[in-house]
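Inspection log for the structure reproduced underneath, given as structure tokens.
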């Protein structure tokens with residue numbers, strides 16, 4: 001069948017990187033080509049993403065990786081989410097909108113610690129080599145591509161209204177562009193960030209956690225009324241944990257355990273395994289209706305159970321509980337309920353996070369899926385003077401509503417709605433898949449997985465397939481490539497369908513790598529909804 005107008009399938013027998021920007025994917029692939037492992041390549045890719053999508057992720061953000069470790073023949077998750085500060089003024093907060101920008105929203109940086117642990121545990125390379133591509137791109141500059149220009153332009157007027165934040169932000173991201181205009185092809189140079197990465201490559205993470213870089217960060221936050229302390233930075237710990245998993249159509253899907261909220265993905269797939277999706281017309285009424293109903297039900301269970309214990313999670317995923325949820329999918333009655341937090345999303349609609357996800361496989365069979373974030377676009381809006389570091393606003397995603405049963409408290413690890421996943425078949429890794437998209441992450445990954453597994457689409461086409469994004473009540477945004485008569489029938493079935501464009505980043509920006517269990521050939525999939533690209537080693 002002709003594939004004109006589609007992205008080609010990228011394949012390799014020696015390694016693959018799928019990331020949200022071509023320069024970052026190339027940085028990781030170069031490390032693989034030079035004998036590095038997938039874990040080395042993850043650090044190189046993440047550092048390069050810090051440069052080429054500074055609004056989305058960086059070393060001052062937080063995240064989680066799920067990994068297949070070939071020499072140990074097991075899947076592990078690495079958490080680098082940091083605790084809510086001891087001095088977090090919860091008693092002064094009643095709404096997440098109070099934390100959208102500014103110093104109180106900033107959590108201790110976890111990404112740097114996470115990247116370094118991946119390398120320390122399973123890498124072969126040193127930080128100077130791994131950070132070298134990012135340093136060169138930051139110092140020499142890079143030409144803005146479409147999404148770069150859109151993101152920087154889109155936030156400029158809003159940040160201009162924050163008098164204490166805008167001067168340094170604009171100095172780095174607007175004056176860093178020769179003409180000051182973020183348009184396609186303009187060159188952005190970040191010399192301060194290059195120097196910071198160079199210093200970290202030489203001195204290691206202690207420069208941030210207890211050292212001079214950490215002191216600079218805290219000085220700026222203190223000036224702006226923040227609550228982070230050096231104790232908070234020193235207490236940053238990464239943790240290897242056992243993922244949680246379910247089987248689906250003969251495959252096992254592994255995701256990080258609570259407090260990560262990825263168990264919603266598992267529950268959705270457990271529900272869907274009770275339905276013959278492959279026997280339904282793909283993207284037809286029965287397929288889309290069944291998947292949307294399962295997603296909304298699973299979201300409600302996740303919200304109602306907060307951070308479940310291992311025992312409670314086992315109950316939620318058990319046959320007995322899941323069969324009851326399947327019955328609710330089958331009963332044809334409209335389903336109404338929240339999909340985000342216990343409270344609804346903010347009225348201004350700014351409920352999308354700024355997150356990135358990338359997937360890597362190497363010739364030894366190691367596989368890494370890493371999802372990390374700054375929170376919102378350019379995080380807190382705070383750029384630490386002289387460092388090029390834009391700080392996260394992770395606590396904007398904390399449930400601070402006084403009446404909520406899921407209200408956070410100081411010392412807690414923030415529950416986070418990301419789902420870096422590894423899929424195994426016969427105990428061998430066959431897929432790494434992750435996406436950004438706030439609470440939509442927990443919805444759109446199952447949709448792509450169904451396209452790949454139930455309908456047999458190659459990974460790239462499964463990622464390109466039209467998707468939907470549910471929000472509170474009965475609302476769902478569907479890409480317009482879902483046929484109009486299907487959308488009409490879905491409305492009759494109780495979905496408040498809002499027709500979207502053909503393609504929208506509201507349904508994520510997915511990156512994945514797959515392994516053919518018969519031939520061992522690696523293929524990559526990159527989402528055209530953002531600037532994703534696959535680069536083979």
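The values are calculated or read from the model by the stated rules, or taken from the named source; none is laboratory data. Please read these numbers as outputs of a predicted model, since none were measured by experiment. Don't worry about glycine lacking a Cβ; one is built from the backbone with ideal geometry, like all the others, and counts go over all protein chains shown.
Would you confirm, using the coordinates I've provided, whether residue 411 is part of a loop (DSSP other than H, G, I, E, B), crowded, with 24+ Cβ neighbours inside 10 Å, in contact with a strand residue (DSSP E or B) (Cβ under 8 Å, 6 or more places away or on another chain) and not assigned by TED's automatic domain parsing to the domain that holds residue 252?
Details: part of a loop (DSSP other than H, G, I, E, B): yes; crowded, with 24+ Cβ neighbours inside 10 Å: no; in contact with a strand residue (DSSP E or B) (Cβ under 8 Å, 6 or more places away or on another chain): yes; not assigned by TED's automatic domain parsing to the domain that holds residue 252: yes.
It is false that residue 411 is part of a loop (DSSP other than H, G, I, E, B), crowded, with 24+ Cβ neighbours inside 10 Å, in contact with a strand residue (DSSP E or B) (Cβ under 8 Å, 6 or more places away or on another chain) and not assigned by TED's automatic domain parsing to the domain that holds residue 252.
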Could you list all residues from region 462-504 that are within 24 Å of the chain's Cα centre (by Cα), outside any loop (DSSP other than H, G, I, E, B) and crowded, with 21+ Cβ neighbours inside 10 Å? 462, 463, 464, 468, 469, 470, 476, 478
Quick check on region 225-235. Is at least one of its residues in a helix (DSSP H, G or I) and crowded, with 17+ Cβ neighbours inside 10 Å? yes
Flag for residue 519 being in a loop (DSSP other than H, G, I, E, B) and surrounded by fewer than 20 Cβ atoms within 10 Å (Cβ to Cβ): yes
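Going by what's in this entry, would residue 210 be described as assigned by TED's automatic domain parsing to the domain that holds residue 381, surrounded by fewer than 17 Cβ atoms within 10 Å (Cβ to Cβ) and not in a helix (DSSP H, G or I)? So that I can check it myself, show each step before the final result.
Numbers: assigned by TED's automatic domain parsing to the domain that holds residue 381: yes; surrounded by fewer than 17 Cβ atoms within 10 Å (Cβ to Cβ): yes; not in a helix (DSSP H, G or I): yes.
So residue 210 fits the description; yes.
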Answer yes or no as to whether residue 247 is in a strand (DSSP E or B), modelled with pLDDT of 95 or more and surrounded by fewer than 21 Cβ atoms within 10 Å (Cβ to Cβ). yes
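Mind listing whichever residues of region 425-442 are out of contact with any helix residue (DSSP H, G or I) (no Cβ under 7 Å at 6 or more places or on another chain), closer than 25 Å to residue 472 by Cα and not in a strand (DSSP E or B)?
If we filter region 425-442 for residues that are out of contact with any helix residue (DSSP H, G or I) (no Cβ under 7 Å at 6 or more places or on another chain), which is where we start, we get 425-432, 434, 436, 438-439, 441.
Next cut, closer than 25 Å to residue 472 by Cα only: 434, 436, 438-439, 441.
The answer is 436, 438, 439, 441.
Do any helices (runs of 4 or more DSSP H) entirely within region 93-169 hold 1 or more residues that are in contact with a helix residue (DSSP H, G or I) (Cβ under 7 Å, 6 or more places away or on another chain), farther than 25 Å from residue 191 by Cβ and in contact (Cβ under 8 Å) with a residue 12 or more places away in the chain, and if so, which?
Numbers: elements: 111-122, 127-140, 146-160.
The qualifying helices (runs of 4 or more DSSP H) are 111-122.
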In region 476-500, residues that are at pLDDT 95 or above and closer than 19 Å to residue 444 by Cβ total 13
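Kindly indicate whether residue 217 is in contact with a strand residue (DSSP E or B) (Cβ under 7 Å, 6 or more places away or on another chain), more than 23 Å from residue 109 (Cα to Cα) and surrounded by 16 or more Cβ atoms within 10 Å (Cβ to Cβ).
Numbers: in contact with a strand residue (DSSP E or B) (Cβ under 7 Å, 6 or more places away or on another chain): yes; more than 23 Å from residue 109 (Cα to Cα): no; surrounded by 16 or more Cβ atoms within 10 Å (Cβ to Cβ): yes.
Spelling it out, it is not the case that residue 217 is in contact with a strand residue (DSSP E or B) (Cβ under 7 Å, 6 or more places away or on another chain), more than 23 Å from residue 109 (Cα to Cα) and surrounded by 16 or more Cβ atoms within 10 Å (Cβ to Cβ).
Yes/no matrix, rows are residues, columns are (1) touching a residue at least 40 places away in the same chain (Cβ under 8 Å); (2) surrounded by 22 or more Cβ atoms within 10 Å (Cβ to Cβ); (3) farther than 29 Å from residue 116 by Cα:
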{"position": "237", "(1), (2), (3)": "yes, no, no"}
{"position": "251", "(1), (2), (3)": "yes, no, yes"}
{"position": "256", "(1), (2), (3)": "yes, yes, no"}
{"position": "260", "(1), (2), (3)": "yes, yes, no"}
{"position": "263", "(1), (2), (3)": "yes, yes, no"}
{"position": "269", "(1), (2), (3)": "yes, yes, yes"}
{"position": "274", "(1), (2), (3)": "yes, no, yes"}
{"position": "279", "(1), (2), (3)": "no, no, yes"}
Looking at region 293-309 only, could you name the residues that are within 21 Å of the chain's Cα centre (by Cα) and either closer than 16 Å to residue 497 by Cα or crowded, with 22+ Cβ neighbours inside 10 Å (or both)? 295, 296, 298, 299, 302, 303
Regarding residue 72, is this residue more than 29 Å from residue 231 (Cα to Cα) and free of Cβ contacts under 8 Å to residues at least 24 places away in the same chain? yes
Does residue 58 count as in a strand (DSSP E or B), in the same structural domain as residue 235 (by TED's automatic domain parsing), touching a helix residue (DSSP H, G or I) at 6+ places or on another chain (Cβ under 6 Å) and under 27 Å from residue 148 (Cα atoms)? no
